[in-house]
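Below is one structure, written out as structure tokens; the observations come after it.
Here, each number is a calculation from the coordinates, and none is a lab measurement. Since we're looking at a predicted model, the values are computed, not measured. Cβ placement follows ideal geometry from the backbone for every residue including glycine, while neighbour counts extend to all protein chains displayed.
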Amino acid sequence: NAGVTQTPKFRVLKTGQSMTLLCAQDMNHEYMYWYRQDPGMGLRLIHYSVGEGTTAKGEVPDGYNVSRLKKQNFLLGLESAAPSQTSVYFCASSYGTSGDPVYEQYFGPGTRLTVT
Amino acid sequence: ILNVEQSPQSLHVQEGDSTNFTCSFPSSNFYALHWYRWETAKSPEALFVMTLNGDEKKKGRISATLNTKEGYSYLYIKGSQPEDSATYLCAPGGSNYKLTFGKGTLLTVNP
């Protein structure tokens with residue numbers, strides 16, 4: 001049982017390049033989330049998904065796109081990377097049924113992205 | 001976006017001291033309050049999820065209380081140990097699947 005895994009762990013991009021971060025979970029969780037963590041800002045929600053085929057915007061969605069084609073995977077895309085997107089990205093998943101946030105979130109190990 | 005305040009921002013204690021910190025959040029549209037422990041170079045791990053006013057939860061030397069009417073939660077650590085050094089995050093959630101994380105309290109326990 002690997003829990004939540006993220007690929008890659010580190011990446012350096014040049015401004016304007018694109019990339020996709022992959023999050024995978026093996027706990028059969030319905031809900032998945034992408035956060036970014038910046039110094040002094042705490043964890044901020046980028047996008048989330050409440051089930052296969054669904055996605056929704058979080059607090060800071062601009063410049064990112066997501067897809068949830070399979071229940072176990074949640075992809076975060078950067079179409080044209082900018083230095084402001086330099087951050088540590090965390091994926092999380094949780095069990096959920098009714099939409100109430102009463103189940104703990106399980107976090108992946110993070111992806112450290114630098115955009116130069 | 002909820003306004004979540006955690007205090008203090010950082011805290012240094014000696015091994016064996018007991019300590020506590022606060023999470024304040026809007027009391028409207030409240031469904032749950034999560035506490036997470038985040039060690040350096042690791043990922044956040046859930047400590048507690050509380051939903052009812054007056055809830056108290058305990059895990060070993062760590063406990064938490066919840067007051068949903070006035071919008072605050074306390075986290076207590078009894079007899080702090082160096083391995084308790086971490087950032088402690090609180091995150092309230094409303095009826096929309098999402099949590100809003102506070103900036104955390106960084107606890108350092110000196111041996």
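Determine, for A:MET41, A:MET32, the number of other Cβ atoms within 10 Å of each Cβ, and report the residues in order from fewest to most. Could you put the intermediate results ahead of the total?
Working: A:MET41 12, A:MET32 29.
Lowest to highest Cβ neighbour count: A:MET41, A:MET32.
Each label point is 7 Å from the Cα along the Cα-to-Cβ direction; what then is the distance between the points at A:THR116 and A:MET27, in nm?
My value for the distance between the label points is 3.7 nm.
Test of the criteria: in the stretch A:1-109, which trypsin sites (Lys or Arg not before Pro) are in a DSSP loop and have at most 11 other Cβ atoms within 10 angstrom of their Cβ?
Filter output for the stretch A:1-109: A:LYS9, A:LYS14, A:LYS70.
What does the convex hull of the Cα atoms of the protein assembly as shown come to per residue, in Å³, rounded to a whole number?
119 Å³
If each residue's Cβ is checked for other Cβ atoms within 10 Å, how do A:ASP62, B:ASP84 rank with the fewest at the top?
Numbers: A:ASP62 8, B:ASP84 20.
If I rank by nearby Cβ atoms, fewest first, I get A:ASP62, B:ASP84.
To check you understand DSSP bridge types, tell me what percent of the beta bridges within the protein assembly as shown (both residues inside) are antiparallel, rounded to 5.
Of the beta bridges lying entirely in the protein assembly as shown, close to 90 percent run antiparallel.
What do you get for trypsin sites (Lys or Arg not before Pro) in the stretch B:20-109 restricted to DSSP loop and a cutoff of at most 13 other Cβ within 10 Å of the site's Cβ?
Answer by residue number: B:LYS42, B:ARG61, B:LYS69.
Please report A:GLU59, B:GLU39, B:GLU70 as a ranked list, fewest other C-beta atoms within 10 angstrom at the top and most at the bottom.
B:GLU70, B:GLU39, A:GLU59
How big is the stretch B:2-111 by the Kirkwood estimate over distinct Cα pairs, in Å?
Evaluated over the stretch B:2-111, this radius sits at 13.9 Å.
Between A:TYR103 and residues 5 or more places away or on another chain, which pairs have amide H atoms under 5 Å apart, with H built 1.01 Å from N, and which residues are they?
Hits under the 5 Å cutoff: none.
Return the distance in nm (one decimal) between the two label points of a simple spin-label model at A:MET41 and B:LYS59, each offset 7 Å from Cα along Cα→Cβ.
2.7 nm
Compute the distance in nm between two label points, each set 7 Å from the Cα along the Cα-to-Cβ direction, one at A:THR5 and one at A:THR54.
Each label point is offset 7 Å from its Cα along the Cβ direction, giving 2.7 nm.
Which pairs in the list B:LYS42/B:LYS98; A:LYS9/B:LYS59; A:LYS71/B:LYS69; A:LYS70/B:LYS98; A:LYS57/B:LYS103 are over 26 Å apart, alpha-carbon to alpha-carbon? Kindly include the intermediate steps, with their values, before the conclusion.
On the way: B:LYS42/B:LYS98 22 Å; A:LYS9/B:LYS59 31 Å; A:LYS71/B:LYS69 37 Å; A:LYS70/B:LYS98 21 Å; A:LYS57/B:LYS103 21 Å.
Pairs exceeding the cut-off: A:LYS9/B:LYS59; A:LYS71/B:LYS69.
On average, how many beta carbons from a partner chain sit within 10 Å of the beta carbon of a residue in A:76-83?
Neighbouring Cβ atoms belonging to other protein chains average 0 per residue here.
In percent, what relative contact order does chain A have, based on Cα pairs under 8 Å that are 6 or more apart in sequence?
Reported as a whole number, the value is 35 percent.
Please compute one quarter of the surface area of the Cα convex hull for chain A and express it in square nanometres.
Convex hull of Cα atoms, orientation-averaged projection: 6.8 nm².
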